[in-house]
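Asks: Below you will find the structure I want to go over with you.
The values are calculated or read from the model by the stated rules, or taken from the named source; none is laboratory data. Everything numeric here is computed off the predicted structure, so don't read it as measured data. Here the Cβ positions follow ideal geometry from the backbone for every residue, glycine too, while neighbour counts run over all protein chains shown.
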Amino acid sequence: MWGVTQVAAWTRPANGRRTVREKGRNTVTDAPAQSRNGMAKHLYVYSAEAQTRHLTDVFRAMFHGFVNARYIAYRLFVKDLRSEYAHSAFGMVWDFLDPLVLALVFYALMNIRVINPGEMGMPYAVYVVFGAMLYQTFMESVTMPLEIVRKSRNLLTHLKVSPEVLMTSVFFRIVFNSLFRIMVMLLVSLFLLPTFHVVGFLKFTVLFPAIIAAGLPVGILLAPFNTIYSDVGRVTRIILNPIRYATPVMYTLPHEGIWVPILTYNPVAAILTSLRSLATLNTWEDPRGFAVWLLIHLGLFCAGWFIFHISIPVLAEKV
Amino acid sequence: MKPIIIAENVSKKYSRNANAHLSYGLFDLVRELAGRGGSLELRKDEFFAVNDVSFHMYPGDTLALIGRNGSGKTTLLKMLNGLIKPDAGTIMVEGLMQALINLGAGFNMNLSGRENVFNLAALYGFSRVQTSVILDEIIDFSGLEEFIDSPVYSYSKGMQARLGFSVVVHLRPDILLIDEILSVGDFAFQNKCFTKMHELKKNGVTIVLVSHSHTHVVQLCDNALWINRGRLTKLGVAKEVVQDYLNFLDQEEVAQAAKARQLKRDAAQATDAPPAKSAANEIYGPVYNEMDKVEDLRVEFFVHGRPTDHLQVHDELTIRYSFRLRQPVTDLNVSLVFARKDGLRLTTISTLNDDLLKHIHEGVVRCEVRIPDFHFNPGSYVLVMPIHEGKSYLYRDVVKEFVVRGDGRLTWQLTDLTYNYTVLEE
């Protein structure tokens, strides 16, 4: 958990005694190393001292939190999902229909020639469905973590839940929602593309988490601040709308003039266009931009995770 | 033996109006990120919920946290469990701690009891396989076999408490923290829970219990920690601490009653008006206090020959009352109705028995009632005095508010009988 020191069982020496850290110094104890339920026995130290003064312990706790989070996060994810569908007759069908209807609308608009976007190397319906689905995933990756602390208020104030559990449960939910979008994109590709590139689509599927990685760090980083001031979430949502129009989601953007810096510094454009071109044409539209932005997002994610981990015990009493 | 819980000079402050001071949250967060940690400096509207509390516990110890509502018990419990961070001091806990702080925590109302067992166990660190092994035991203990596949929203609070408690105690913790949540369960389940806690105690589980029931505290816990306004007032043997706490409550009650009487007197003097029919007194039955049929009504309590409104359990109480009849009556009788402050009527002494006042038809009535052993348990009480002519009221209202203090012994329920207890040898 978030205590200054959390000593795992693996620090136990072979002679049956354990080394435990107390107030920064190592001592040896003869206490049994196992809890009554057979789990490893830990020493938890909760103090007023800032966690950031013991960075090694924080990183260790983050690592342990992440490793141990999967099952609890999965249960939380399933709990939320079942709860959401508890009063729905068609359940997940709606999650599939939502993107499918969007795809059909653009297909119809293109067929009756309401929209004439010009040459873009693929049917417009495919272009826009991929753009919309990927941007929706990006938006969800930003906005879903923003509310996670507030949403988990009841848990955080009464049960010991690691920050990593909350993060992972959000990730599971975004991946789950994305599966329906990937299925719709697959259907659209199969029916509307002149040539379906199996390898390209497989590469797209493998690299799909990159679009989540583009949004999640911002969401995780801002979540603690949004817990204190909900204005942070409102501003974020407002900003995401203009970014949509500065990203080749519904139409291509010219690679000249003012659009060059806009596209270069757009945190999601290179990833979105690369994923779309991989799935539909089996080509990398902007591999360099993809790699650079992915690295930036991963760095940002580490910073966001660190801040999120540190923040939870401070925020648990304020939500 | 090494302590399993050590709390050293632990303090925690809260804001009375957190919504008005959102900046405190941001300031605290930035402070934590900057490596500066907690601070004991109180900002506007802040107060200490827990203030400089220290104690330690050894494996198998049982400690009760007692104190009035809002005294800081739950905050301390949450800090022990690592849910919130202290602003000063250190807590060290060795071993697996399970806490049952809130009934609904971890439950999803739309899911079945069975699914919630898996969820709750997962939140306490149990895998699906580990939970499956103890599932039957959990369900069996909760006594909810019939309803385990029904959604939890259809459960009563008591049923939720059963399920929550059952999960927590079957996860075999080293340390168990229980907040005042078992009070919602029925008596049979409460009994079952305390039997289970006794069993856990015997097996070396360290238990911290927050309870307002001094019976539970004395019966289960070796030690008690009394917190008042966040400060540790007394830590020691449970029975002694509980007794001191109850005495403190008595004194507070006495002080409050005196304050209320003073306010009433001040209000009456300020308005210089005859006492009006009090709606508050209607919880003790009908009120008739027009003073048109009787006047100069006086009622006084005497203990050891001195007038008082503060009694001690088993005091000899003498009640003297007098009033003047403003009109001739034919069938006079007077009752003394003793009621608890919350309206529960306890007993009545009436002149109907033996027709004590039937011969009085006019003038002044003076009586004295002696109660050799007044055995009401500590608390606040009122005396209601109906004066009848036949079945119609000449007067009926509260004539006295009084407080009974404890005499140093533990008491339960309403009265403390006088008895001789003999343990017969074989």
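Asks: Considering the stretch B:368-398 alone, what residues qualify as being closer than 18 Å to B:Lys293 by Cβ, exposed (fewer than 15 other Cβ atoms within 10 Å of the Cβ) and touching a residue at least 12 places away in the same chain (Cβ under 8 Å)?
Replies: Within the stretch B:368-398, B:Gly390 is the sole residue that qualifies.
Asks: Quick one: would you say A:Val218 is surrounded by fewer than 19 Cβ atoms within 10 Å (Cβ to Cβ), in the same structural domain as A:Phe138 (by TED's automatic domain parsing) and of a type in the set (Val, Ile, Thr)?
Replies: It is false that A:Val218 is surrounded by fewer than 19 Cβ atoms within 10 Å (Cβ to Cβ), in the same structural domain as A:Phe138 (by TED's automatic domain parsing) and of a type in the set (Val, Ile, Thr).
Asks: Can we say A:Leu179 is more than 30 Å from A:Trp284 (Cα to Cα) and among the hydrophobic types (A, V, I, L, M, F, W, C)?
Replies: So A:Leu179 does not fit the description; no.
Asks: Give me the residue from the stretch B:105-124 that is at the interface with chain A (Cβ under 7 Å from one of its Cβ atoms) and part of a loop (DSSP other than H, G, I, E, B) and, out of that set, nearest to B:Lys12 (Cα to Cα).
Replies: The qualifying residue nearest to B:Lys12 (Cα to Cα) is B:Ala105.
Asks: What are the residue pairs meeting all of these: first residue in the stretch B:170-193, first residue more than 17 Å from B:Pro59 (Cβ to Cβ), second residue at pLDDT below 80 and of a type in the set (Gly, Ala, Ser), Cβ atoms under 8 Å, and 6 or more apart or on different chains?
Replies: Final answer for the pair search is B:Gln190/B:Ser183; B:Cys193/B:Gly185.
Asks: Residues that are farther than 30 Å from A:Gly65 by Cβ, more than 14 Å from chain B (Cβ to nearest Cβ), in contact with a Leu (Cβ under 9 Å, 6 or more places away or on another chain) and hydrophobic (A, V, I, L, M, F, W, C): does the stretch A:217-239 have at least one?
Replies: Looking for residues that are farther than 30 Å from A:Gly65 by Cβ, more than 14 Å from chain B (Cβ to nearest Cβ), in contact with a Leu (Cβ under 9 Å, 6 or more places away or on another chain) and hydrophobic (A, V, I, L, M, F, W, C), one finds none in the stretch A:217-239, hence no.
Asks: Can you name every residue in the stretch A:281-294 that is under 17 Å from A:Thr247 (Cβ atoms) and either in contact (Cβ under 8 Å) with a residue 24 or more places away in the chain or outside the structural domain of A:Val249 (by TED's automatic domain parsing) (or both)?
Replies: Residues satisfying the conditions are A:Gly289, A:Phe290, A:Trp293, A:Leu294.
Asks: Further question on the same structure: Can you report the number of residues in the stretch A:158-189 which are within 14 Å of another protein chain (Cβ to nearest Cβ) and of a type outside the set (Phe, Trp, Tyr)?
Replies: Total meeting the criteria: 11.
Asks: Could you say which residue among B:Arg261, B:Arg298, B:Arg265, B:Arg326 is at pLDDT 85 or above, charged (D, E, K, R) and under 19 Å from B:Val382 (Cα atoms)?
Replies: Details: B:Arg261 fails: at pLDDT 85 or above; B:Arg265 fails: at pLDDT 85 or above; B:Arg326 fails: under 19 Å from B:Val382 (Cα atoms).
The conditions single out B:Arg298.
Asks: Which of (1) touching a Leu at 6+ places or on another chain (Cβ under 9 Å); (2) touching a residue at least 12 places away in the same chain (Cβ under 8 Å); (3) not in a loop (DSSP other than H, G, I, E, B) does B:Gln130 not meet, given it meets every other one?
Replies: (2)
Asks: Another question about this same structure. Being of a type in the set (Gly, Ala, Ser) and either away from every other protein chain (no Cβ under 12 Å) or part of a helix (DSSP H, G or I) (or both) is the filter here, so list the residues in the stretch B:24-71 that pass it.
Replies: B:Gly25, B:Ser54, B:Ala64, B:Gly67, B:Gly70, B:Ser71
Asks: If you don't mind, another one. Can you confirm whether B:Gly82 is more than 23 Å from the chain's Cα centre (by Cα), within 7 Å of another protein chain (Cβ to nearest Cβ) and outside any loop (DSSP other than H, G, I, E, B)?
Replies: So B:Gly82 fails the test.
Asks: Can you go through B:Gly106, B:Gly113, B:Gly164 and tell me which one is modelled with pLDDT under 85 and crowded, with 22+ Cβ neighbours inside 10 Å?
Replies: B:Gly106
Asks: The conditions are (1) loosely packed, with under 14 Cβ neighbours inside 10 Å; (2) touching a residue at least 24 places away in the same chain (Cβ under 8 Å); (3) more than 14 Å from chain A (Cβ to nearest Cβ); (4) acidic (Asp, Glu), and B:Asp149 fails exactly one of them. Which is it?
Replies: (3) is the only condition that B:Asp149 fails.
Asks: Mind checking which residues of the stretch B:155-210 are under 21 Å from B:Ala122 (Cα atoms) and of a type in the set (Lys, Arg)?
Replies: B:Arg162, B:Arg172
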